[in-house]
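Right, one structure below, let's go through it.
The values are calculated or read from the model by the stated rules, or taken from the named source; none is laboratory data. Since the structure is predicted, the reported quantities are computational estimates derived from the model, not experimental observations. Quick reminder, even Gly has a Cβ in these numbers, built from the backbone with ideal geometry, and neighbours come from all protein chains shown. These area figures cover heavy atoms from the full protein model, side chains too; ligands, DNA and RNA do not enter into them. Shrake-Rupley method; radii C 1.70, N 1.55, O 1.52, S 1.80 Å.
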Amino acid sequence: MKTHTFNEGDLAAEMDLHTGVPYFERLYICWAGCKDGFLAGCKPLIGLDACHLKHKVGGQLMVAVARDPNEEYFPLAVAMVEAKTKDSWTWFINLLLADIGDSKRWAFITDQQKGLVQAFADNWPHYEHRICCRHLYNNLRKQHPGLLIRDLFWKAAKATYAQEFERLLNETKDVDEGAYFWLKGHTTTMWARHMFRSDGLTDTVLNNMCESFNSRIIKFRGKPIISMLEDIRLYLMNRSQQNRLSILKVESELCPKVCKRLHREKIGSSRWLACWASDTRFEVKNGLVIFIVDLSKRTCSCRKWDISGIPCCHAISCIFFNREAAEKYTDDYYRVSTYKACYEPVIDPINGQNMWTSTGLPPVQPPIKRRPPGRPKKKRVREPNELSKGHSKGLGIAKRCKSCGKIGHNKRSCKGEVGGNSSLPTAAASGQTEGVLGQNRQVTVVMVIEQVEWPSMIQINQEYHLPTGQPTTVQQPPIQLEAVHPPTIQPTTVQQPHIHLEAVHPLTIQPTAVQQPPIHLGAMHPLTLQHPRGGRE
């Protein structure tokens, strides 16, 4: 059974005439609060994506996500389908366009999903269809890896005018000719910024808004269909109310994230010199790089202002030349008033199942389970360079042991060198020579002399901090201190030279008496203690 809506309040169902029993197949939902808020204040850019459902019947959850005036994701519609195919994508997009209308020039950004690219080419060639650059680069990296290729690809993807894009492609050709022809084969696909139209009002080259929403609802995707959709509705209802309250604290005219971006452009405008051509036309240059800015048309020849709706650094240098505010030339989509209009529609609460009325239709059976070949998987297939959960970002960096200084292991897994402690009498006597012995360790010894009166015998306790982090206290024989003028010694910390100890692994240190020669201290005022070996005490 396929369920969809054409107008608000109308419900239509398609029955399977072969069996006579209705089986669940697809479900599309577009909440009225999301649809009205999207039409009131969101940009005309829609991201499409699909993610796996983790319950026992399987299936895919298709989502349509927009961007609000604060550059955050704005969920628009969801659909439960049996698989990602050209037919299911066509069905989902047709219902979405029926809700939001097809009179406006919408822009879509997607991954290279199965059947999705071909569905746009066959059914909606007049809409701008962008491809996420992250997924495009993952395909490029499989055949042409390398850091230099990666840097040139992302610079080309973010180039806002065609001349800069071609120059970066020619640099790629000098590095890897195969990567150059691979990218040339995708020039008809919209993936770089210089290919975008100006009516999209966003220069994003990634489909992160869908990825963010999918990661947010990941804990819902393992529940049954009705419970999952109810949890998503409650999340959207709470999120809308939180955003309505948080925007009341903003005192600026523009949204917070837009203010930060505009501030960065203002800082960059100091490097550009505006030359006055007329009241609104300027020539902006920085060395040999020159652009043309028209404030009346809100355009710059670099096309960054045209694509995003936020003045670029070239335009801001001209705006400051006229002694005007840059916020005045920012598009109305980024204003706080637009944000409030976007979240003003409310997702209404509904009663629970105890308040539902019977429809009189036969009960819908669970969806027919599609068993794909191979072992069932609950985790998605990760990309070749993607870190698994719990791994650090430093994966691939050589580890150096702090104990022995060698590469390939850390201090906890250090085995030391074979025979390194064979000379220790305690190791041979205690029978702990099995395993691998450690090498000489350099230890800093700190002696603390308590307050005594002269002449006296001083008992010194030394604490040896070994590389393993286990402190060991070694008793030392009394030291006779002599002085010409017997003063009173205040608590003093004495830094003793480094002592080399040899330890077995695992570390076992027996109490050892360290014989030290008498230290003769000759003191004047102020008292200075001189160690026989040159160290200051």
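Things to note:
- Summed over the stretch 143-157, the residues that are open to solvent by less than 20 Å² (accessible area, probe 1.4 Å) and either over 16 Å from Phe196 (Cβ atoms) or in contact (Cβ under 8 Å) with a residue 60 or more places away in the chain (or both) give a count of 3.
- Residue match in the stretch 168-186 (condition: free of Cβ contacts under 8 Å to residues at least 60 places away in the same chain, aliphatic (A, V, I, L, M) and over 25 Å from Thr110 (Cβ atoms)): yes
- Among the residues of the stretch 105-116, those that are in contact (Cβ under 8 Å) with a residue 60 or more places away in the chain and out of contact with any His (no Cβ under 6 Å at 6 or more places or on another chain) comprise Arg105, Trp106, Ala107, Ile109, Thr110, Gln113, Leu116.
- Checking each residue in the stretch 92-142 for being polar (S, T, N, Q) and open to solvent by 50 Å² or more (accessible area, probe 1.4 Å) picks out Asn94, Ser103, Gln112, Gln118, Asn123, Asn139.
- Residue match in the stretch 70-77 (condition: over 14 Å from Tyr28 (Cα atoms), aromatic (Phe, Trp, Tyr), assigned to a strand (DSSP E or B) and open to solvent by 30 Å² or more (accessible area, probe 1.4 Å)): yes
- Scanning the stretch 112-136 for residues that are over 21 Å from Ser198 (Cα atoms) and part of a loop (DSSP other than H, G, I, E, B) turns up Gln112, Gln113, Lys114, Gly115.
- Residue match in the stretch 304-322 (condition: over 23 Å from Glu251 (Cα atoms), assigned to a loop (DSSP other than H, G, I, E, B) and among the small types (Gly, Ala, Ser)): no
- The set of residues from the stretch 72-92 being acidic (Asp, Glu) and within 27 Å of Thr202 (Cβ to Cβ) comprises just one member, Glu72.
- Helices (runs of 4 or more DSSP H) lying entirely in the stretch 158-228 (those with 1 or more residues that are within 20 Å of Cys132 (Cβ to Cβ), small (Gly, Ala, Ser) and open to solvent by 30 Å² or more (accessible area, probe 1.4 Å)): 208-216
- Which listed residue is over 29 Å from the mean Cα position of the chain (by Cα), modelled with pLDDT of 60 or more and open to solvent by less than 70 Å² (accessible area, probe 1.4 Å), from Pro373, Pro367: Pro367
- Ser413 vs. criteria polar (S, T, N, Q) and either at pLDDT below 80 or under 30 Å from Pro69 (Cα atoms) (or both): no
- Failed item in (1) open to solvent by less than 90 Å² (accessible area, probe 1.4 Å); (2) closer than 30 Å to Ser269 by Cα; (3) not charged (D, E, K, R), with Ile347 passing the rest: (2)
- Within the span defined as the stretch 77-95, every residue fails to be farther than 30 Å from Arg371 by Cα, out of contact with any Asp or Glu (no Cβ under 8 Å at 6 or more places or on another chain) and of a type outside the set (Asp, Glu).
- Considering only residues in the stretch 38-63 that are aliphatic (A, V, I, L, M) and closer than 25 Å to Ser337 by Cβ, the one that is surrounded by the most Cβ atoms within 10 Å (Cβ to Cβ) turns out to be Ile46.
- Lone qualifier among Lys35, Lys84 - being in a loop (DSSP other than H, G, I, E, B), in contact (Cβ under 8 Å) with a residue 12 or more places away in the chain, on the phi < 0 side of the Ramachandran plot and open to solvent by 20 Å² or more (accessible area, probe 1.4 Å): Lys84
- Residues in the stretch 323-344 that are of a type in the set (A, V, I, L, M), open to solvent by 30 Å² or more (accessible area, probe 1.4 Å) and not in a loop (DSSP other than H, G, I, E, B): Ala341 alone.
- Within the stretch 245-277, considering residues that are of a type in the set (A, V, I, L, M, F, W, C) and within 23 Å of the chain's Cα centre (by Cα), the one most open to solvent (accessible area, probe 1.4 Å): Cys259
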